[in-house]
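One structure is given below, encoded as structure tokens.
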Amino acid sequence: SPATVQRIHGVVRRALTVGVRWGWLTANPAFIAMPPRSPRRGISPPLPGEVARLIDTAEPDLGMFVLLAATTGARRGELCGLRWSDIDLTEPGVEITRAVIIVDGNCEVAPTKTRQTRRVALDPVTVEALRAHQRRTEKRAHRAGWAPPRDRYVFSHDPDARRPWRPDSTSRAFRHLCHEVGLDHVRLHDLRHFVATRLLASGVDVRTVSGRLGHSLASTTLNVYAAFVPDADRHAANVLGPLVTRAAAV
């Protein structure tokens, strides 16, 4: 597909750029290549009611995962990599420092996509849901004879929560959930789109939305979600008009 060709071209271009820097090449031939353009996929985030249906229908652990995804905008692997030591329920917030990725079929813990740590504030509803999830997972550990460690994973199938959920298995569980409620068109990644579009439509500034999503540049957020930024031109006209009128009257 065009997107695959673009990714391969990007890797080759960067590798050859290093070759030029090291003096192995006099020029980078990848710069004159013309990879195909890939059409931008339209964004169709789920509606608030649809997200609520998913949360209400899911089994408790998956429901917590969906709620956290829909209120923080974190990536799938970042949520899988969350530990309880990353979550502050007193000054409500979550520190996102790592992600779980699949390498050769195995789970590995890696830095976030931008290799940056960010703190995302939590709302009261999500905090209460996390408290209930914490109590539920602690009871599960005690029944199995484990004392739950502080650095255990928030989402784990193990009683001691020492291994995180697999991102690919989480996506499969989410697809099954969507099929169950008749929302086959919704993808797990669409919850990030839900967060971004709802915040922008509510007037939250792009820089704040960008920080919450973990984009390295606010321009990335604007490029992807520009169509969802409310039109402020009418407000600009209403601000400038009276200023000029009052100045003319003086």
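The values are calculated or read from the model by the stated rules, or taken from the named source; none is laboratory data. Since this is a predicted model, take the numbers as computed values, not measurements. Virtual Cβ from ideal backbone geometry, glycine too; neighbours counted across all protein chains shown. All accessible areas refer to the heavy atoms of the entire protein, side chains included, with ligands and DNA or RNA removed. Shrake-Rupley method; radii C 1.70, N 1.55, O 1.52, S 1.80 Å.
Things to note:
- Single residue of the range 17-35 satisfying the filter (among the hydrophobic types (A, V, I, L, M, F, W, C) and part of a helix (DSSP H, G or I)) that is surrounded by the fewest Cβ atoms within 10 Å (Cβ to Cβ): ILE32
- Considering ALA141, ALA74, the condition of being at pLDDT 95 or above, small (Gly, Ala, Ser) and open to solvent by less than 30 Å² (accessible area, probe 1.4 Å) is satisfied by ALA74 alone.
- Any chance SER38 is in a helix (DSSP H, G or I), polar (S, T, N, Q) and either farther than 24 Å from PRO167 by Cβ or touching a residue at least 24 places away in the same chain (Cβ under 8 Å) (or both): no
- Checklist (1) under 30 Å from GLY42 (Cα atoms); (2) part of a loop (DSSP other than H, G, I, E, B) applied to ASP151, failing item: (1)
- Residues that are surrounded by fewer than 22 Cβ atoms within 10 Å (Cβ to Cβ) and hydrophobic (A, V, I, L, M, F, W, C), drawn from the range 45-65: LEU47, ALA52, ILE55, ALA58, LEU62
- Pairs with Cβ under 6 Å, 6+ apart, first in the range 207-230 and farther than 18 Å from ASP190 by Cβ and without any contact (Cβ under 8 Å) to a residue 40 or more places away in the chain, second buried (at least 17 other Cβ atoms within 10 Å of the Cβ) and polar (S, T, N, Q): SER210/THR221; ALA218/SER210
- Among the residues of the range 203-226, just one is open to solvent by 50 Å² or more (accessible area, probe 1.4 Å) and in contact with a Gly (Cβ under 8 Å, 6 or more places away or on another chain), namely ARG212.
- Flag if ARG152 is in contact with a Gly (Cβ under 8 Å, 6 or more places away or on another chain) and open to solvent by less than 50 Å² (accessible area, probe 1.4 Å): no
- Close pairs from the range 1-28: first over 27 Å from PRO39 (Cα atoms), partner in a loop (DSSP other than H, G, I, E, B) and open to solvent by less than 70 Å² (accessible area, probe 1.4 Å), Cβ under 9 Å, at least 6 apart: GLY19/LEU25; GLY19/ASN28; VAL20/ALA27; VAL20/ASN28
- Any hit, the range 118-126, residues being in contact with a Ser or Thr (Cβ under 8 Å, 6 or more places away or on another chain), crowded, with 16+ Cβ neighbours inside 10 Å, modelled with pLDDT of 95 or more and part of a loop (DSSP other than H, G, I, E, B): yes
- From the list LEU67, LEU62, the lone residue that is of a type in the set (A, V, I, L, M, F, W, C), over 17 Å from ARG212 (Cβ atoms) and at pLDDT 95 or above is LEU62.
- Residue that is within 13 Å of the chain's Cα centre (by Cα), open to solvent by less than 30 Å² (accessible area, probe 1.4 Å) and in contact (Cβ under 8 Å) with a residue 24 or more places away in the chain, where the choices are LEU188, LEU200, LEU183: LEU188
- Number of positions in the range 164-202 that are closer than 16 Å to LEU82 by Cβ and assigned to a loop (DSSP other than H, G, I, E, B): 4
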